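Q: The structure follows.
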Amino acid sequence: MNAQTVLDFIEEIGVLKNLPRTGWRFRGIKDAESVADHCYRVSLLSMILADVLTEQDVPLDVEKVMRLALLHEVAEARIGDLPFPTLKYIPQEIKEAGERAAVESMFEHFGPLQEKYIQLWKEFEEGTSIEGKLVRAADKLELMVQVLEYEKIGYRSLDKFWANPWNYRNFDDFSLVQEIMDLLYQRREDL
């Protein structure tokens with residue numbers, strides 16, 4: 001891999017800084033967070049959760065958690081942010097195939113790192129490891145934190161996020177994540 005490959009990738013990923021999370025736009029949120037905003041907080045949340053869990057003797061590879069968190073939305077630089085309601089019209093397997101093709105093509109010039117990054121991305125998508133499950137939980141937990149933040153500033157069209165079981169994937173695997181979610185419920189009730 002050479003400097004041109006690195007620069008091309010970093011420029012392409014820069015699209016995520018200007019790509020709003022589409023689900024928020026569907027709910028009337030004009031100044032919605034970007035995909036990059038979401039990714040930053042997922043990464044930070046993943047790091048903190050991983051560190052706390054390793055202190056509790058949960059066997060985790062924290063570096064792997066961070067890599068998964070950083071890679072989890074890279075496909076969106078090519079295919080965009082497809083919100084949950086899209087799955088009513090585009091089957092999950094089609095969405096997954098498109099994301100997989102995008103990721104494989106994004107890393108095609110990465111030489112020996114190509115397979116490493118693709119495998120890490122797949123591990124997040126498939127939830128085949130404790131690290132992948134933790135990052136998926138952090139991804140969804142961050143979503144719910146953002147829901148509450150939008151509700152705090154007056155948006156009231158977000159009940160479907162709270163009711164959607166898809167937004168609680170892998171919470172059962174980590175009591176700490178469930179405890180944080182319980183706090184979010186309490187804060188929502190206090191609004």
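Q: Suppose the filter is modelled with pLDDT under 95, part of a helix (DSSP H, G or I) and of a type in the set (A, V, I, L, M, F, W, C); does Phe124 pass it?
A: Taking the combined requirement at face value, the residue does not satisfy it.
Q: Here is a further query. Given the conditions (1) in contact with a helix residue (DSSP H, G or I) (Cβ under 6 Å, 6 or more places away or on another chain); (2) free of Cβ contacts under 8 Å to residues at least 40 places away in the same chain; (3) acidic (Asp, Glu), and given that Glu55 satisfies all but one, which numbered condition is not satisfied?
A: If we test Glu55 against (1) in contact with a helix residue (DSSP H, G or I) (Cβ under 6 Å, 6 or more places away or on another chain); (2) free of Cβ contacts under 8 Å to residues at least 40 places away in the same chain; (3) acidic (Asp, Glu), just (1) comes out false.
Q: Can you tell which of Lys160, Lys140 is exposed (fewer than 15 other Cβ atoms within 10 Å of the Cβ), in contact with a helix residue (DSSP H, G or I) (Cβ under 9 Å, 6 or more places away or on another chain), assigned to a helix (DSSP H, G or I) and not small (Gly, Ala, Ser)? Explain how you work it out, then say what you get.
A: Numbers: Lys140 fails: exposed (fewer than 15 other Cβ atoms within 10 Å of the Cβ).
On inspection, the qualifying residue turns out to be Lys160.
Q: Also: Report, by residue number, each residue of the stretch 143-157 that is part of a helix (DSSP H, G or I) and among the aliphatic types (A, V, I, L, M). Steps first, please.
A: Taking the stretch 143-157 and keeping what is part of a helix (DSSP H, G or I), we get 143-152.
Within the stretch 143-157, Leu143, Met144, Val145, Val147, Leu148 meet the criteria.
Q: Would you say Leu113 is surrounded by fewer than 17 Cβ atoms within 10 Å (Cβ to Cβ) and among the aliphatic types (A, V, I, L, M)?
A: Numbers: surrounded by fewer than 17 Cβ atoms within 10 Å (Cβ to Cβ): yes; among the aliphatic types (A, V, I, L, M): yes.
When the stated conditions are applied, Leu113 passes them.
Q: Consider Tyr40 against the criteria (1) touching a helix residue (DSSP H, G or I) at 6+ places or on another chain (Cβ under 9 Å); (2) surrounded by 13 or more Cβ atoms within 10 Å (Cβ to Cβ); (3) not basic (Lys, Arg): it satisfies all of them except one. Which criterion is unmet?
A: (1)
Q: While we're here: Looking at the structure I just gave you, is Gln178 surrounded by 14 or more Cβ atoms within 10 Å (Cβ to Cβ), without any contact (Cβ under 8 Å) to a residue 12 or more places away in the chain, part of a helix (DSSP H, G or I) and out of contact with any Leu (no Cβ under 9 Å at 6 or more places or on another chain)?
A: Numbers: surrounded by 14 or more Cβ atoms within 10 Å (Cβ to Cβ): yes; without any contact (Cβ under 8 Å) to a residue 12 or more places away in the chain: yes; part of a helix (DSSP H, G or I): yes; out of contact with any Leu (no Cβ under 9 Å at 6 or more places or on another chain): yes.
The answer is yes for Gln178.
Matching residues to (1) modelled with pLDDT of 95 or more; (2) crowded, with 18+ Cβ neighbours inside 10 Å; (3) under 17 Å from the mean Cα position of the chain (by Cα):
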{"position": "Lys30", "(1), (2), (3)": "no, no, no"}
{"position": "Ser46", "(1), (2), (3)": "yes, yes, yes"}
{"position": "Leu49", "(1), (2), (3)": "yes, yes, yes"}
{"position": "Leu53", "(1), (2), (3)": "yes, yes, no"}
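Q: Take the residues in the stretch 38-88 that are small (Gly, Ala, Ser) and not in a loop (DSSP other than H, G, I, E, B); name whichever of them is nearest to Glu108 (Cα to Cα). Don't jump to the end; show me each part of the working.
A: In the first step, residues of the stretch 38-88 are kept if they are small (Gly, Ala, Ser); the result is 43, 46, 50, 69, 75, 77, 80.
Among the residues that remain, those that are also not in a loop (DSSP other than H, G, I, E, B) are: 43, 46, 50, 69, 77.
Values: Ser43: 24, Ser46: 27, Ala50: 30, Ala69: 20, Ala77: 15 Å.
By that ranking, first place goes to Ala77.
Q: Do any residues in the stretch 1-19 that are among the basic types (Lys, Arg) have Cβ atoms under 7 Å from those of residues that are not in a loop (DSSP other than H, G, I, E, B), where the two are at least six apart or on different chains, and which pairs are they?
A: Lys17/Ser34; Lys17/Ala36
Q: Now for a different question. So in the stretch 143-157, with the set limited to residues that are out of contact with any helix residue (DSSP H, G or I) (no Cβ under 7 Å at 6 or more places or on another chain) and without any contact (Cβ under 8 Å) to a residue 24 or more places away in the chain, which one is nearest to Asp81 (Cα to Cα)?
A: Selected residue: Glu149.
The values are calculated or read from the model by the stated rules, or taken from the named source; none is laboratory data. On a predicted model such as this, the values are computed, not experimentally measured, just so you know. So basically every Cβ, Gly included, is an ideal-geometry build from the backbone, and we count neighbours across all protein chains shown.
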